[in-house]
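One structure is given below, encoded as structure tokens.
The values are calculated or read from the model by the stated rules, or taken from the named source; none is laboratory data. Model, not experiment: these values are computed from the prediction. Methodologically, a virtual Cβ is constructed for each residue, glycine included, from the backbone with ideal geometry; neighbour enumeration extends over all protein chains shown.
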Amino acid sequence: MFRKNRHGIQVKSPEQLEKMRAVGLVVGRTLQLLRESVRPGMTPIDLDAIAEKAIREAGAIPSFKGYQGFPATICASVNDEVVHGIPTDAHVLREGDIISIDCGAILDGWHGDSAITIPIGEVAPELTELMRVTEEAMWRGIAALTVGRHLSDIGWEIERYVRSQGRYGIPQEYGGHGIGTEMHMDPWVANHGRPGRGPKFEAGMCLAIEPMVNMGTDRTRVLADDWTVVTMDGKPSAHFEHSVAVTHNGPWVLTSLDGGKERLSGLLTSGVDEDGVKPGDEGIRL
């Protein structure tokens with residue numbers, strides 16, 4: 001049974017969240033492997049082969065491959081490519097590049113989805129800062145997934161952090177989404193906006209939080225392949241994503257190997273809830 005609340009958002013049982021954690025770990029471990037494997041001289045298609053092998057060996061299925069005609073296991077977006085880059089052997093990765101890798105898998109009918117941006121060797125300081133700002137913005141958004149807060153609080157937390165760090169662009173037309181028995185489900189999750197709007201979070205909801213931050217303009221365009229999104233000004237972009245469950249213990253980051261404990265410990269003001277369980281702990285109390 002797949003329950004939906006009055007807003008049409010899928011709400012999972014503890015048993016279903018355990019299944020989502022299992023597929024989340026497949027995705028998280030695959031991205032960790034890709035981070036460890038990438039080096040100058042490789043191509044995105046090399047990384048795609050590593051990802052597909054890892055996912056299938058874990059007993060899962062790549063969820064991107066064949067999705068609306070997408071031809072690969074990962075999205076690989078290099079430098080000014082924002083999202084949805086198709087892996088090919090035409091782009092040899094060089095020292096100083098950055099690559100955003102988005103990865104999804106299906107296990108026992110449940111989906112996991114996560115993304116990281118990786119530096120290729122030594123990169124310019126401004127690129128290191130772009131990646132730091134984007135990843136921290138993601139964690140600020142994740143920390144908003146507590147029972148009783150509103151959907152728009154995610155985008156508000158993301159945007160206000162990014163704006164506090166400099167003149168960056170946040171693409172308005174791309175954002176996160178619900179996740180569960182499908183990869184993309186209601187609700188859509190903006191990376192900008194005002195707080196206190198939209199449905200309130202309840203335990204058992206699962207969302208993919210994924211800010212994209214550009215070095216320059218927020219304007220983008222789609223290339224002739226009908227997939228790859230690039231910045232209009234040719235400046236670099238970074239992308240980070242995690243699949244997250246709302247629980248009474250706080251956000252449970254399903255695609256993070258430690259459940260999000262390390263990064264969330266300093267962001268959640270409560271520290272522990274009333275039963276003494278730290279946010280991100282493996283136990284689920286719905």
>> Among the residues that make up the stretch 126-143, is at least one of them on the phi > 0 side of the Ramachandran plot and not in a strand (DSSP E or B)?
In response: no
>> Going through D233, D226 one at a time, which residue ends up being at pLDDT 95 or above, surrounded by fewer than 16 Cβ atoms within 10 Å (Cβ to Cβ) and either at positive phi or of a type in the set (G, A, S) (or both)?
In response: D226
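Matching residues to (1) under 17 Å from the mean Cα position of the chain (by Cα); (2) in a strand (DSSP E or B); (3) at pLDDT below 95; (4) within 30 Å of G166 (Cα to Cα):
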| site | (1), (2), (3), (4) |
| --- | --- |
| A72 | no, no, no, no |
| S77 | yes, yes, no, yes |
| V92 | no, no, no, no |
| E95 | no, no, no, yes |
| D102 | yes, yes, no, yes |
| A115 | yes, yes, no, yes |
> Is it the case that the stretch 134-155 has a residue that's more than 18 Å from L207 (Cβ to Cβ) and aliphatic (A, V, I, L, M)?
Replying inline: no
> Restricting the search to the stretch 84-97, which residues are surrounded by 19 or more Cβ atoms within 10 Å (Cβ to Cβ) and either within 22 Å of A54 (Cα to Cα) or among the small types (G, A, S) (or both)?
Replying inline: H84, G85, I86, P87, L93
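Residue by residue, here is whether (1) of a type in the set (K, R); (2) touching a Leu at 6+ places or on another chain (Cβ under 8 Å); (3) in contact (Cβ under 8 Å) with a residue 60 or more places away in the chain; (4) not in a strand (DSSP E or B) holds:
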{"position": "Y161", "(1), (2), (3), (4)": "no, no, no, yes"}
{"position": "S164", "(1), (2), (3), (4)": "no, no, no, yes"}
{"position": "P171", "(1), (2), (3), (4)": "no, no, yes, yes"}
{"position": "Y174", "(1), (2), (3), (4)": "no, no, yes, yes"}
{"position": "M183", "(1), (2), (3), (4)": "no, no, yes, yes"}
{"position": "P187", "(1), (2), (3), (4)": "no, yes, yes, no"}
{"position": "H192", "(1), (2), (3), (4)": "no, no, no, yes"}
{"position": "P195", "(1), (2), (3), (4)": "no, no, no, yes"}
{"position": "L207", "(1), (2), (3), (4)": "no, yes, yes, no"}
> Has the stretch 213-221 got any residue that is in contact (Cβ under 8 Å) with a residue 60 or more places away in the chain, of a type outside the set (F, W, Y), in a loop (DSSP other than H, G, I, E, B) and closer than 22 Å to I101 by Cβ?
Replying inline: yes
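Conditions (1) of a type in the set (K, R); (2) within 30 Å of Q16 (Cα to Cα), marked per residue:
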{"residue": "A72", "(1), (2)": "no, yes"}
{"residue": "V92", "(1), (2)": "no, no"}
{"residue": "D97", "(1), (2)": "no, no"}
{"residue": "G104", "(1), (2)": "no, yes"}
{"residue": "T128", "(1), (2)": "no, no"}
{"residue": "R132", "(1), (2)": "yes, no"}
{"residue": "M138", "(1), (2)": "no, yes"}
{"residue": "V147", "(1), (2)": "no, yes"}
>> Given the condition out of contact with any strand residue (DSSP E or B) (no Cβ under 6 Å at 6 or more places or on another chain), in contact (Cβ under 8 Å) with a residue 60 or more places away in the chain and small (G, A, S), answer yes or no: does some residue in the stretch 72-83 qualify?
In response: no
>> Regarding the stretch 20-34, can at least one residue be identified that is in contact (Cβ under 8 Å) with a residue 60 or more places away in the chain and in contact with a Phe, Trp or Tyr (Cβ under 6 Å, 6 or more places away or on another chain)?
In response: yes
>> I need the full set of residues from the stretch 20-33 which are closer than 21 Å to P119 by Cβ and surrounded by fewer than 21 Cβ atoms within 10 Å (Cβ to Cβ), in order please.
In response: R29, Q32, L33
> What are the residues in the stretch 222-259 that are of a type in the set (D, E, K, R) and assigned to a loop (DSSP other than H, G, I, E, B), if any?
Replying inline: D225, D226, D233, K235, D258
> Name the pairs whose Cβ atoms lie under 6 Å apart, with the first residue in the stretch 47-60 and part of a helix (DSSP H, G or I), the second polar (S, T, N, Q) and crowded, with 20+ Cβ neighbours inside 10 Å, and 6 or more positions between them or separate chains?
Replying inline: D48/T73; A51/T30; A51/T73; E52/T73; A54/T30; I55/T30
